[in-house]
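Before I ask anything, here is the structure I am working with.
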Amino acid sequence: MTFDLASAPIVFLAWERGLQLPAGSLLADRADTRVTHAVAGPTLTFLRLWDTSILVGPEHLLAAAEAFDDDELSDHSTMLRLTRDHGGRGLGTEALYYADDLELHQPEQTVHVSSGPEQAALLESLCPPDDVNDVGLSGREHKFTIMASGMPGSGPLACSAYAEYEGLLARLGTLVAPEFRRQGQGRLATSIAAHEALAAGLIVQWSADIHNAGAHALATSLGLNVAGLRTQVSLSPAAS
(Lines give C-alpha, C1' and ligand atoms only; values in the text may rest on other atoms or scores of the structure.)
Protein backbone atom coordinates (compact mmCIF):
# COMPACT_ATOMS: atom_id res chain seq x y z
CA MET A 1 0.00 0.00 0.00
CA THR A 2 1.43 3.37 -1.04
CA PHE A 3 -1.07 5.58 0.78
CA ASP A 4 -2.05 5.27 4.42
CA LEU A 5 -5.51 6.71 5.09
CA ALA A 6 -4.04 8.21 8.25
CA SER A 7 -2.51 10.76 5.85
CA ALA A 8 -5.90 11.69 4.36
CA PRO A 9 -6.36 14.66 6.76
CA ILE A 10 -3.25 16.24 5.22
CA VAL A 11 -4.78 15.95 1.76
CA PHE A 12 -8.03 17.42 3.03
CA LEU A 13 -6.18 20.28 4.71
CA ALA A 14 -4.37 21.13 1.48
CA TRP A 15 -7.63 21.27 -0.48
CA GLU A 16 -9.35 23.14 2.32
CA ARG A 17 -6.73 25.87 2.04
CA GLY A 18 -6.53 25.79 -1.75
CA LEU A 19 -10.28 26.05 -2.23
CA GLN A 20 -10.55 28.80 0.42
CA LEU A 21 -12.86 26.73 2.61
CA PRO A 22 -13.50 27.64 6.25
CA ALA A 23 -10.90 26.13 8.58
CA GLY A 24 -11.80 22.61 9.67
CA SER A 25 -14.68 22.22 7.22
CA LEU A 26 -13.22 19.08 5.63
CA LEU A 27 -11.96 17.55 8.86
CA ALA A 28 -15.19 17.72 10.88
CA ASP A 29 -17.79 14.95 11.05
CA ARG A 30 -20.01 15.81 8.10
CA ALA A 31 -22.36 12.80 8.22
CA ASP A 32 -21.72 12.28 4.49
CA THR A 33 -23.16 15.68 3.56
CA ARG A 34 -21.77 17.66 0.64
CA VAL A 35 -19.48 20.54 1.58
CA THR A 36 -20.38 23.70 -0.36
CA HIS A 37 -18.67 27.05 -0.27
CA ALA A 38 -19.55 30.21 -2.16
CA VAL A 39 -16.60 31.89 -3.84
CA ALA A 40 -16.87 34.71 -6.34
CA GLY A 41 -14.52 33.50 -9.03
CA PRO A 42 -14.23 32.28 -12.61
CA THR A 43 -14.57 28.54 -11.86
CA LEU A 44 -17.10 26.03 -10.62
CA THR A 45 -15.29 23.06 -9.06
CA PHE A 46 -16.69 19.73 -7.90
CA LEU A 47 -14.29 17.51 -6.00
CA ARG A 48 -14.71 13.99 -4.66
CA LEU A 49 -12.09 12.70 -2.21
CA TRP A 50 -12.79 9.27 -0.78
CA ASP A 51 -16.26 9.61 0.83
CA THR A 52 -16.27 13.41 0.81
CA SER A 53 -17.71 15.70 -1.88
CA ILE A 54 -16.99 19.42 -2.21
CA LEU A 55 -18.57 22.01 -4.48
CA VAL A 56 -17.06 25.49 -4.73
CA GLY A 57 -18.20 28.37 -6.92
CA PRO A 58 -20.61 31.32 -7.21
CA GLU A 59 -23.54 31.13 -4.80
CA HIS A 60 -26.29 31.06 -7.43
CA LEU A 61 -24.70 28.00 -9.07
CA LEU A 62 -24.36 26.23 -5.73
CA ALA A 63 -28.10 26.64 -5.25
CA ALA A 64 -28.83 25.26 -8.73
CA ALA A 65 -26.54 22.28 -8.08
CA GLU A 66 -28.66 21.12 -5.14
CA ALA A 67 -30.88 19.34 -7.66
CA PHE A 68 -28.04 16.99 -8.65
CA ASP A 69 -26.42 14.17 -6.72
CA ASP A 70 -22.67 13.58 -6.45
CA ASP A 71 -22.53 11.08 -9.29
CA GLU A 72 -24.23 13.56 -11.59
CA LEU A 73 -21.90 16.41 -10.64
CA SER A 74 -18.90 14.17 -11.29
CA ASP A 75 -20.11 13.97 -14.88
CA HIS A 76 -18.59 16.75 -16.96
CA SER A 77 -21.71 17.04 -19.12
CA THR A 78 -23.86 17.75 -16.04
CA MET A 79 -21.57 20.59 -14.99
CA LEU A 80 -21.77 22.04 -18.50
CA ARG A 81 -25.58 21.92 -18.46
CA LEU A 82 -25.59 23.55 -15.05
CA THR A 83 -23.49 26.45 -16.31
CA ARG A 84 -24.86 26.71 -19.86
CA ASP A 85 -26.48 30.07 -19.21
CA HIS A 86 -23.38 31.38 -17.44
CA GLY A 87 -20.79 30.97 -20.18
CA GLY A 88 -19.63 27.58 -18.90
CA ARG A 89 -16.61 26.13 -20.68
CA GLY A 90 -15.48 22.65 -19.79
CA LEU A 91 -12.08 22.11 -18.18
CA GLY A 92 -12.49 18.35 -17.98
CA THR A 93 -12.71 15.66 -15.32
CA GLU A 94 -9.56 14.18 -13.86
CA ALA A 95 -8.85 11.33 -11.50
CA LEU A 96 -6.72 12.11 -8.45
CA TYR A 97 -4.07 9.72 -7.15
CA TYR A 98 -2.01 9.97 -3.97
CA ALA A 99 0.99 8.34 -2.32
CA ASP A 100 2.76 8.94 0.99
CA ASP A 101 5.24 6.12 0.38
CA LEU A 102 6.59 4.43 -2.73
CA GLU A 103 8.79 1.44 -3.31
CA LEU A 104 12.18 2.41 -4.68
CA HIS A 105 13.12 0.71 -7.96
CA GLN A 106 16.74 1.12 -8.99
CA PRO A 107 17.27 1.40 -12.77
CA GLU A 108 19.50 -1.19 -14.38
CA GLN A 109 21.79 1.43 -15.90
CA THR A 110 23.20 4.74 -14.73
CA VAL A 111 20.69 7.53 -15.18
CA HIS A 112 21.74 11.12 -15.80
CA VAL A 113 19.25 13.58 -14.33
CA SER A 114 19.24 17.36 -14.73
CA SER A 115 17.36 19.71 -12.45
CA GLY A 116 17.89 22.77 -14.64
CA PRO A 117 15.04 24.57 -16.40
CA GLU A 118 16.92 24.70 -19.71
CA GLN A 119 16.72 20.94 -20.28
CA ALA A 120 13.02 20.88 -19.46
CA ALA A 121 12.43 23.75 -21.89
CA LEU A 122 14.35 21.87 -24.58
CA LEU A 123 12.16 18.83 -24.02
CA GLU A 124 9.04 20.98 -24.40
CA SER A 125 10.33 22.22 -27.76
CA LEU A 126 10.39 18.59 -28.97
CA CYS A 127 6.79 17.84 -27.97
CA PRO A 128 3.35 18.73 -29.41
CA PRO A 129 1.98 22.01 -27.99
CA ASP A 130 -1.13 20.29 -26.56
CA ASP A 131 1.05 17.93 -24.53
CA VAL A 132 3.21 20.81 -23.32
CA ASN A 133 0.16 22.79 -22.20
CA ASP A 134 -1.46 19.80 -20.50
CA VAL A 135 1.62 18.97 -18.41
CA GLY A 136 2.78 22.53 -17.70
CA LEU A 137 6.38 21.81 -16.77
CA SER A 138 7.22 25.52 -16.70
CA GLY A 139 4.78 26.03 -13.85
CA ARG A 140 6.29 23.28 -11.68
CA GLU A 141 9.38 24.52 -9.90
CA HIS A 142 11.09 21.20 -9.08
CA LYS A 143 12.17 19.55 -12.34
CA PHE A 144 13.94 16.23 -12.98
CA THR A 145 14.92 15.63 -16.60
CA ILE A 146 16.41 12.34 -17.77
CA MET A 147 19.14 12.97 -20.32
CA ALA A 148 20.22 10.63 -23.09
CA SER A 149 23.78 10.47 -21.74
CA GLY A 150 26.17 12.35 -19.53
CA MET A 151 27.89 14.01 -22.48
CA PRO A 152 27.48 17.77 -23.09
CA GLY A 153 24.76 18.51 -25.61
CA SER A 154 22.87 15.25 -25.06
CA GLY A 155 19.14 15.47 -25.48
CA PRO A 156 16.36 15.09 -22.92
CA LEU A 157 14.27 11.92 -22.88
CA ALA A 158 11.65 12.73 -20.27
CA CYS A 159 10.98 15.16 -17.45
CA SER A 160 8.82 14.88 -14.37
CA ALA A 161 8.31 17.95 -12.22
CA TYR A 162 6.28 18.91 -9.21
CA ALA A 163 4.84 22.07 -7.75
CA GLU A 164 4.11 22.41 -4.05
CA TYR A 165 0.46 22.93 -3.22
CA GLU A 166 -0.26 24.67 0.06
CA GLY A 167 3.04 23.37 1.42
CA LEU A 168 1.56 19.88 1.79
CA LEU A 169 1.17 18.24 -1.62
CA ALA A 170 3.50 17.74 -4.58
CA ARG A 171 1.51 18.01 -7.80
CA LEU A 172 3.35 15.91 -10.37
CA GLY A 173 3.40 16.25 -14.14
CA THR A 174 5.43 14.25 -16.66
CA LEU A 175 6.39 14.88 -20.29
CA VAL A 176 8.21 12.44 -22.57
CA ALA A 177 9.87 13.15 -25.91
CA PRO A 178 7.68 11.57 -28.65
CA GLU A 179 10.35 9.21 -29.96
CA PHE A 180 11.04 7.83 -26.50
CA ARG A 181 7.48 7.13 -25.39
CA ARG A 182 6.34 3.64 -24.35
CA GLN A 183 9.90 2.82 -23.28
CA GLY A 184 9.54 3.35 -19.54
CA GLN A 185 11.21 6.77 -19.53
CA GLY A 186 8.11 8.54 -18.21
CA ARG A 187 7.69 6.02 -15.42
CA LEU A 188 11.34 6.40 -14.43
CA ALA A 189 11.20 10.21 -14.44
CA THR A 190 7.97 10.21 -12.44
CA SER A 191 9.42 7.80 -9.89
CA ILE A 192 12.45 10.06 -9.42
CA ALA A 193 10.34 13.18 -8.95
CA ALA A 194 7.93 11.39 -6.62
CA HIS A 195 10.71 10.14 -4.36
CA GLU A 196 12.25 13.60 -4.25
CA ALA A 197 8.89 15.02 -3.20
CA LEU A 198 8.42 12.38 -0.52
CA ALA A 199 11.92 13.08 0.78
CA ALA A 200 10.90 16.75 1.07
CA GLY A 201 8.04 15.73 3.36
CA LEU A 202 5.24 16.14 0.80
CA ILE A 203 2.41 13.83 -0.22
CA VAL A 204 2.51 13.01 -3.91
CA GLN A 205 -0.51 13.89 -6.05
CA TRP A 206 -0.98 12.70 -9.63
CA SER A 207 -3.93 13.86 -11.72
CA ALA A 208 -5.01 12.35 -15.02
CA ASP A 209 -7.83 13.20 -17.39
CA ILE A 210 -10.30 10.34 -17.22
CA HIS A 211 -9.76 9.68 -20.94
CA ASN A 212 -5.94 9.58 -20.73
CA ALA A 213 -5.27 5.84 -20.56
CA GLY A 214 -1.50 6.31 -20.60
CA ALA A 215 -1.52 8.59 -17.56
CA HIS A 216 -3.69 6.14 -15.63
CA ALA A 217 -1.44 3.24 -16.58
CA LEU A 218 1.61 5.17 -15.37
CA ALA A 219 -0.01 5.92 -12.01
CA THR A 220 -1.04 2.30 -11.58
CA SER A 221 2.43 1.03 -12.50
CA LEU A 222 3.97 3.19 -9.77
CA GLY A 223 1.43 2.00 -7.22
CA LEU A 224 -0.33 5.31 -6.68
CA ASN A 225 -3.76 5.07 -5.04
CA VAL A 226 -6.80 6.62 -6.72
CA ALA A 227 -8.77 8.75 -4.27
CA GLY A 228 -11.35 10.64 -6.28
CA LEU A 229 -12.22 12.98 -9.12
CA ARG A 230 -12.19 16.68 -9.87
CA THR A 231 -14.53 18.26 -12.42
CA GLN A 232 -14.18 21.92 -13.37
CA VAL A 233 -15.97 24.44 -15.54
CA SER A 234 -14.77 27.96 -16.26
CA LEU A 235 -17.34 30.74 -16.22
CA SER A 236 -17.78 33.98 -18.07
CA PRO A 237 -16.79 37.08 -16.05
CA ALA A 238 -20.41 38.10 -15.68
CA ALA A 239 -21.31 34.76 -14.08
CA SER A 240 -18.59 34.93 -11.46
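Filter region 120-172 for residues that are in a loop (DSSP other than H, G, I, E, B) and hydrophobic (A, V, I, L, M, F, W, C); which is farthest from Gln183 (Cα to Cα)?
The selected residue is Leu168.
Here's a follow-up. Return the pair list, or none, for Cβ contacts closer than 9 Å from residues in region 174-193 that are at positive phi to residues that are at pLDDT 95 or above, at least 6 apart or on different chains.
The qualifying pairs are Arg182/Val176.
If you don't mind, another one. How many residues does region 160-178 hold that are touching a Gly at 6+ places or on another chain (Cβ under 9 Å) and farther than 23 Å from Trp15 by Cβ?
Going through region 160-178 one residue at a time, the tally reaches 3.
Would you mind stating whether Thr93 is in contact with a Gly (Cβ under 8 Å, 6 or more places away or on another chain), closer than 28 Å to His216 by Cα and of a type in the set (Ser, Thr, Tyr)?
For Thr93, the condition - in contact with a Gly (Cβ under 8 Å, 6 or more places away or on another chain), closer than 28 Å to His216 by Cα and of a type in the set (Ser, Thr, Tyr) - is not met.
Right, something else. Return only the number of the condition from (1) under 15 Å from the mean Cα position of the chain (by Cα); (2) within 27 Å of Asp4 (Cα to Cα); (3) buried (at least 18 other Cβ atoms within 10 Å of the Cβ) that Glu166 does not satisfy.
The one condition Glu166 does not meet is (3).
Another question, if that's okay. For the subset of region 62-105 comprising residues that are farther than 14 Å from Arg48 by Cα and among the polar types (S, T, N, Q), which member is surrounded by the most Cβ atoms within 10 Å (Cβ to Cβ)?
The qualifying residue surrounded by the most Cβ atoms within 10 Å (Cβ to Cβ) is Thr83.
Hey, among Leu61, Leu13, which residue is at pLDDT 90 or above and within 17 Å of the chain's Cα centre (by Cα)? Before you say what the answer is, go through the steps one by one.
Working: Leu61 fails: within 17 Å of the chain's Cα centre (by Cα).
It is Leu13.
The values are calculated or read from the model by the stated rules, or taken from the named source; none is laboratory data. In this text, all values refer to a predicted model and were calculated from it rather than measured experimentally. When we count neighbours, we look across all protein chains shown, and the Cβ atoms used for this are built from the backbone with ideal geometry, even at glycine.
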